[in-house]
Number of protein chains: 2
Amino acid sequence: MSNISIKDIAAKAQVSTATVSYVLNGTRNVKQVTRERVLQVIEEMNYKPNNAAQSLKRRRTNTIGVIAEDVTVFNVPEIIDGINDCADRLDMHILLTNLRLDKRIGRSFDDMDTYRQYAENAVSELLSKQVEGIIYIGVHPRDLTGLCDTDGKPIVYTYSYTENDPSIQYDDEQASYEAMRYLIDHGHSRIAIISGVMDSIPSRLRFNGFYKAVTEFQLPFDPLLIKMGDWEAESGYRLTKELLSLPEPPTAILSMNDVMAVGVLRAASEMSVSIPEQLSLIGFDNREFSEYLMPRITTMDLPLHEIGYQAMEALSRILQGEEAGISPKPMCRLIERDSVAPPKR
Amino acid sequence: MSNISIKDIAAKAQVSTATVSYVLNGTRNVKQVTRERVLQVIEEMNYKPNNAAQSLKRRRTNTIGVIAEDVTVFNVPEIIDGINDCADRLDMHILLTNLRLDKRIGRSFDDMDTYRQYAENAVSELLSKQVEGIIYIGVHPRDLTGLCDTDGKPIVYTYSYTENDPSIQYDDEQASYEAMRYLIDHGHSRIAIISGVMDSIPSRLRFNGFYKAVTEFQLPFDPLLIKMGDWEAESGYRLTKELLSLPEPPTAILSMNDVMAVGVLRAASEMSVSIPEQLSLIGFDNREFSEYLMPRITTMDLPLHEIGYQAMEALSRILQGEEAGISPKPMCRLIERDSVAPPKR
DNA sequence: CCCTTTTATTTAAACGTTTAGATTTCTTAT
DNA sequence: ATAAGAAATCTAAACGTTTAAATAAAAGGG
């Protein structure tokens, strides 16, 4: 049970505490022989520097806070993993705060009072722990700006649904543009889109990409093919039924997430429309299950690790006093599987 | 940009630093009027105690370390959420260390040297941060015992594949026993089991539960119905093909995880065996996708939040000097869906 | 061999708290 | 009014490091 301090090491190695500190940090020359003696003693006594004392004196903690709205949301762990990966390289540490918002206030995004309370607590806690900056992983349309005083400590947002600055996002618009191109390359022109809730930025960006492809490739723009979902499977199911009942149904559907794509699958199956023969389908997110469905669905993989990594990099840059810097948005990647084929004619 | 210390507060409120500390911690009587004055100043200056200084002086950090072999493994975030939930209540903080083992050494569980290196680093880091104890979330057959010196700090294992002490696990044996009962209640007697890799404790425990039910309900024990999988979908697929090709195929399959159950589904579909009419199926894990498959599969939900919570509770008890205590293992819960029906006769 | 320069080591203050023990101030009983 | 006791406040040391500044030891140069 250790309370071995630098003093104990100094005493046993017959040097001053300063010398021990110098060998530990390499901040000054130490004669080879004494260095070895000190290291030897450190090893013997299994000494570990007291981080609290170090931070106090150095006035640097090498620690950043990560606030996650909810760690159990599917994409959050990957992002944390990315932050972690980068933090390791920068010799930084992470203090994780899980707001547990999904558990605590569920889907009532407008319960701003409760949100504020939890958010303030979290920030206050982190500041007290002397974090040098904060990364905020949002999963819903809300954020910290104006909510609480971070005492000058920088915040970087990632995976946030709202527009913050600085904020690290992947390129949603390009992603849905690419998905469209893939469908078009396969010969589709009557393509429907099922969106997520429209108050979220990703929905809007993905819609932009869709629209860009429609105009660029001069597809007929039919408002009947634009459906507003809510990210849940049920909406994919319902809207697909509507789409397939159209006098002139689409030959392909772009679903803004894999969960709604499950609903598409179900509706198609019930209506005996086979995928991909009679209807092509592309999803978003590359959720694990997208590979387990029948057919395995083609989907857009999100660079989650990457945005976590970049968020940490950006924060680090800000901490060095540099500008956050605008690195190009990481790209999504199409995972080709079995849910797309040329349209039947 | 804050470097407001207790001294600044003391000066502005015209009291000594001791008094400020007393109002902050309530450790001594302070006259109502001075207390208010001090609190006022604290509020005004937005003062946050410096945690490093506090820990240094108090010699308590109220912080525990959590070491996760890999946070991106599906069940880990739920467990962390449970730890978090309990820690909040106990006013404890969590320092998360992600070994990133799946990324770094993949499936080579026997690469003990690399493992040791990462593990030692992690522990060393945490000890330096003065954590009071450690929770280790394992996902593979290996652990920390004998690997590195934790300097007397207690470790609690959870979700670990090996036998450690103290270790918080849910009741795997009971779970598979219950699953069997459910099948038996539905009229099945010729029940096959597809196991995970047999060097993992959960596999063995689940097998025990299976076997207990077989003997207790006097089912014919047929070795041909016992198949060794490896947790992956491919093995579920292959073994199901074998099972369904038997002269006397089973009427139900118990798969030790949902991923292998996907393979079962696929094999059955290819062989035109319909589920649940001709073959019943129960999985394990209640993975999100189990609800998205067709048919939605009946599966065992794991009390992941609960074991995280209990791990934190147990660690806290140890830190109070009490015994770890053996609370009853949390139970798994059967999620009834559409993959089980009475056998066709 | 002494003086100078370089290199190695030590001394002591500081970081921002907490907390015994000392001191002051306030109450209350006489 | 005063002494005694209680309540409030203050003083100062300590926690385990780091780091300027001071000092000591070693190395070079003539």
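The values are calculated or read from the model by the stated rules, or taken from the named source; none is laboratory data. Because the structure is a prediction, the values reported are computed rather than measured. Cβ atoms come from the backbone with ideal geometry, glycine included; neighbour counts cover every protein chain shown. Calculation scope for accessible area: heavy atoms of the full protein, side chains included, ligands and nucleic acids excluded. Shrake-Rupley method; radii C 1.70, N 1.55, O 1.52, S 1.80 Å.
Give me the base-10 log of I(q)/I(0) for segment B:6-49 at each q in 0.13, 0.26, 0.29 Å⁻¹, Debye formula, one uniform scatterer per Cα, rounded to two decimals.
-0.20, -0.86, -1.08
May I ask what percent, to the nearest 5, of DSSP beta bridges between residues of segment B:222-345 are antiparallel?
35
Can you pull the one-decimal nm distance between simple spin-label points at B:LYS212 and A:GLU163, each 7 Å off the Cα toward Cβ?
Spacing of the two 7 Å Cα→Cβ label points: 6.0 nm.
If all Cα-Cα distances of the protein assembly as shown are sorted into 10 Å bins from 0 onward, what percent lands in each bin, rounded to whole numbers?
Each 10 Å bin holds this share of Cα pairs: 3, 13, 20, 23, 19, 12, 7, 3, 0, 0.
Given a Förster radius of 35 Å and the C-beta distance between B:GLU270 and B:ILE326 as r, what FRET efficiency does 1/(1 + (r/R0)^6) yield to the nearest 0.05?
0.15
So between B:GLU277 and B:ASP8, what do we pick up on full extension, going 0.36 nm a residue minus the alpha carbon distance?
Fully extending the segment from B:GLU277 to B:ASP8 adds 89.2 nm.
What Kirkwood radius, in Å to one decimal, follows from the Cα pairs of segment A:171-235?
By the Kirkwood definition, the hydrodynamic radius is 12.0 Å.
Run the helix sum for chain B: -39,500 (n - 2.57) per DSSP H stretch of 4+ residues, divided by residue count, reported at 222 nm to the nearest 500 deg cm²/dmol. Write down the numbers at each step before the final one.
Working: 12 runs with 146 residues, N = 345.
The per-residue figure over chain B is -13000 deg cm²/dmol.
Can you list the residues of segment A:123-164 that have at least 40 square angstrom less accessible area with all protein chains present than in their chain by itself, probe 1.4 Å?
Output list: A:SER128, A:LYS129, A:GLN130, A:ASP151.
Near the axis that takes chain B to chain A, which B residue has its beta carbon closest, and at how many Å?
Axis-proximal residue of B, distance in whole Å: B:PHE289, 1.
To make sure I understand the rule: partners must be lysines, Cα under 24 Å from the Cα of A:LYS227, and not fewer than 8 residues away in the same chain. Which ones qualify?
Counting by Cα, and skipping residues close in sequence, A:LYS227 has these lysines nearby: A:LYS212, A:LYS241, A:LYS344.
Obtain the nm distance between the two label points defined at A:SER16 and A:GLU36 by a simple spin-label model: each point lies 7 Å from its Cα along the Cα-to-C-beta direction.
Those two pseudo-labels are separated by 2.5 nm.
What accessible area per residue comes out for segment B:165-320, rounded to a whole number of Å², with a 1.4 Å probe? Spell out each step's value before the answer.
On the way: 5770 Å² over 156 residues.
Per-residue accessible area for segment B:165-320 comes out at 37 Å².
Just tell me how shielded B:63-71 is by partners: mean number of partner chain Cβ atoms within 10 Å of each residue's Cβ, no decimals.
Taking the mean over all residues of the peptide, I get 2.
Any residues in segment B:272-288 that have 40 Å² or more less accessible area with all protein chains than in their chain alone, probe 1.4 Å, and which are they?
Residues losing area: B:GLU288.
Which order do B:PHE74, B:PHE289, A:PHE207 take by accessible area at a 1.4 Å probe, largest first?
B:PHE74, A:PHE207, B:PHE289
Take peptide B:43-56, look around each residue's Cβ out to 10 angstrom, count Cβ atoms belonging to other protein chains, and average those counts.
The mean count of partner-chain Cβ atoms within 10 Å per residue comes to 5.
Along Cα-to-Cβ, 7 Å out, sits the label point; list in nm, shortest first, how far the one on A:ARG116 is from those in the other copies.
Copy-to-copy label distances at A:ARG116, shortest first: 5.6 nm.
Taking every pair of Cα atoms in segment A:39-118, average 1/r, invert it to obtain the Kirkwood radius, and report Rg/Rh to two decimals.
Rounded to two decimals, Rg over Rh is 1.17.
For segment A:6-49, what is the relative contact order in percent, using Cα pairs closer than 8 Å and at least 6 residues apart in sequence?
Numbers: 31 pairs, mean separation 17.9, N = 44.
Result for segment A:6-49 is 41 percent.
Along Cα→Cβ at 7 Å, what distances in nm separate the A:LYS344 label point from those on the other copies, shortest first?
Result for A:LYS344, in nm, nearest copy first: 2.7.
So, in Å, what gap is there between the alpha-carbon centers of segment B:44-85 and segment A:258-302?
So the two Cα centres are separated by 40 Å.
Calculate how large, on average over all directions, the projected area of the Cα convex hull of segment B:172-301 is; give the answer in nm² to one decimal.
The directionally averaged projection comes out at 6.8 nm².
Quick one: if you stick a label point 7 Å off each Cα along the C-beta vector at B:ASP111 and A:ARG59, how many nm between them?
4.3
Does anyone have the angle between helix A:258-270 and the longest principal axis of chain A? Alpha-carbon axes, 0 to 90°, nearest 10?
The angle comes out near 30 degrees.
Mind listing P(r) for chain B? All alpha-carbon pairs, 10 Å bins, whole percents.
Computed distribution, short to long bins: 5, 21, 24, 19, 14, 8, 6, 3, 1, 0.
On average, how much accessible surface per residue is there in segment B:6-49, in Å², for a 1.4 Å probe, leaving out ligands, DNA and RNA?
65
Over all directions, what mean area does the Cα convex hull of segment A:106-153 project, stated in square nanometres?
Taking a quarter of the hull surface, the average projection is 3.5 nm².
Measuring label to label, 7 Å along Cα→Cβ, what does A:PHE74 give against each other copy in nm, shortest first?
So the distances to the same position in the other copies read 1.2 nm.
Can you give me the relative contact order of chain A as a percent, contacts being Cα pairs under 8 Å and 6 or more apart?
16
Would you mind checking A:LYS12/B:LYS7; A:LYS57/B:LYS48; A:LYS7/B:LYS129; A:LYS103/A:LYS153; A:LYS7/A:LYS57; A:LYS329/B:LYS103 for any pair whose Cα atoms are more than 26 angstrom apart?
Check vs 26 Å cut-off fails for A:LYS12/B:LYS7; A:LYS103/A:LYS153.
Got the relative contact order for segment A:172-301 handy, in percent, Cα pairs under 8 Å and 6 or more residues apart?
Averaging sequence separation for qualifying contacts and normalising by length gives 24 percent for segment A:172-301.
Calculate what fraction, in whole %, of the accessible area of chain B sits on carbon and sulfur atoms when a 1.4 Å probe is rolled over the protein chains. Mind showing how you got there, number by number?
Values: 7270 of 15240 Å².
The computed percentage sits at 48.
If you keep only loop residues by DSSP, which GluC sites (Glu not before Pro) in segment B:80-169 have at most 12 other Cβ atoms within 10 Å of their Cβ?
Details: sites: B:GLU120, B:GLU125, B:GLU132, B:GLU163; in loops: B:GLU132, B:GLU163.
Counting only loop positions with at most 12 other Cβ atoms within 10 Å, the GluC sites (Glu not before Pro) in segment B:80-169 are B:GLU163.
Give the B-A buried accessible area in Å², both sides summed, 1.4 Å probe, nearest 100. Spell out each step's value before the answer.
Details: alone 17650 and 17670 Å², together 30500 Å².
Counting protein atoms only, the buried area is about 4800 Å².
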